[in-house]
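Read the structure below first, then the notes.
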Amino acid sequence: MKPLIDSAEGLLAEARAVTDRRLAARAAALQRDPGGRDGEALAYALGTSGKRVRPALVLATYQSAGGSHPGISGIAAAVEIVHTYSLVHDDLPCMDDDAQRRGRPTVHVRFDVATATRAGFLLVPVAVEELAAGARELGLAPAALSRMAERLLEASGIRGMVGGQWLDLEAEGQSPALAGLVDIHSRKTGALIEAACVIGGLAAGAPASVLSVLERYGCEVGLAFQIADDLLDATATSAELGKAAGRDARLAKATYVSVLGVAGARQEAFRHVDRARAVLHQGGIRSETLETLADYIVQRRS
Ligand code: GRG
């Protein structure tokens, strides 16, 4: 295995620095308006320290398509805000009922279920505001903003996270065939990761041929990401994850590990990364950053 984690950590640290600045500014604004308990809950959700993989993918795909403007951080932050919403709702008692996330109490535990539910929903329009602000900074045409917004919201809806989460909850206690698992996870997790990659390309004004390569790359790394998530849940500690480990088995979730076993799931994850690399090569995109991120996604320990 190549020792790539260090350089991926460097990329992620850069993505974290630029994204966290935007998130902190949004959090401060939300503490003023709407303010009160909702403002505090929104700031709390935005202030937790995630890995920022999706912003890193926005930055890397943007750069791979020739973009170089620092305003891309607004677009990257918008994707992270949608991801943050999904985590807040995923943790609710009516979904996966988790008390810890990113090493801290989940939003409904720190505040209450009604506040966390509201804060989650409120984050979606906040993400669109951030996307629009980023697009303005980049000087993008309204058509580009519209395509990015469409992609982001599609990844959040029935063909994306809501549809995937729904199927995921319905599959508890069952052992679907691999195709069923792919359907759940390409929606629940893959769609937003794929959208992050396409949005980076759209922000750079990439032609359709490049967008298609980035989309296929995103599809492969999105599935690899979810398989790695399943493997970590089964093999890492709660301290490493910053949330309860072993939760998938407790909830009898349909995962790559429950269907393929640990070794089979690991093999499947590496297969997706190989395909992601092949997609880039065949599509003529030379980006060490995107290859490094794909490797990191399956080698990570949290
Ligand atoms: C109304 C049915 C219905 C659904 C609402 C909550 C929701 C929509 C969808 C859940 C989407 C979700 C949380 C998918 C899991 C994705 C995943 C593997 C998250 C972990 O991402 P990391 O590891 O986390 O990047 P950090 O903390 O590093 O950002």
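With N denoting the number of residues in the range 136-175, provide Rg(C-alpha) divided by 2.2 N^0.38 Å, to two decimal places.
Relative to the rule-of-thumb radius for its length, the range 136-175 sits at 1.75.
Here the Karplus relation 6.51 cos²θ - 1.76 cosθ + 1.60, evaluated at θ = phi - 60°, turns the backbone of the range 154-171 into coupling constants of 5, 5, 8, x, 5, 7, x, 5, 5, x, x, 5, 4, 4, 4, 5, 5, 7 Hz, with x for every Gly and Pro. The trypsin sites (Lys or Arg not before Pro) of the range 201-296 that DSSP puts in a loop, and whose beta carbon has at most 11 other beta carbons within 10 Å, are 286. The calculated FRET efficiency for residue 271 paired with residue 244, based on their beta-carbon distance and R0 = 30 Å, is about 0.55. By the rule of a C-alpha distance below 17 Å, with chain neighbours fewer than 8 residues away ignored, the aspartates and glutamates paired with residue 243 are 90, 91, 96, 97, 98, 229, 230, 233. Counting neighbouring beta carbons within 10 Å and listing from fewest to most, the residues 290, 178 come out as 178, 290. For the range 48-159, the direction-averaged projected area of the alpha-carbon convex hull comes to 7.4 nm².
Applied to the range 280-287, the Karplus parametrisation 6.51 cos²θ - 1.76 cosθ + 1.60 on θ = phi - 60° returns per-residue 3J(HN,Hα) values of 5, 4, 5, x, x, 9, 9, 9 Hz, with x for Gly and Pro. Here the sum of -39500 (n - 2.57) over DSSP H runs of 4 or more residues, divided by the residues of the chain, equals -24000 deg cm²/dmol at 222 nm, to the nearest 500.
Comparing Cα centroids, the range 103-163 and the range 249-302 end up 25 angstrom apart. Phi angles across the range 207-214 convert, under the Karplus curve 6.51 cos²θ - 1.76 cosθ + 1.60 with θ = phi - 60°, into 3J(HN,Hα) values of x, 4, 5, 6, 4, 5, 5, 5 Hz, Gly and Pro given as x. Whole-percent P(r), the chain, all Cα pairs, 10 Å bins from 0: 7, 29, 38, 22, 4, 0.
First obtain the Kirkwood hydrodynamic radius of the range 177-302 from its Cα pairs, then insert it into the Stokes-Einstein equation at 10 °C and 1.306 mPa s, and state the resulting D in µm² per second as a whole number.
Estimated via Stokes-Einstein, D reaches 106 µm²/s.
A short reminder: the numbers here are calculations on the coordinates, not readings from a lab. Because the structure is predicted, anything quoted here is derived from the model rather than measured. Using ideal geometry, Cβ is built from the backbone for each residue, glycine included, and neighbour counts are taken over all protein chains shown.
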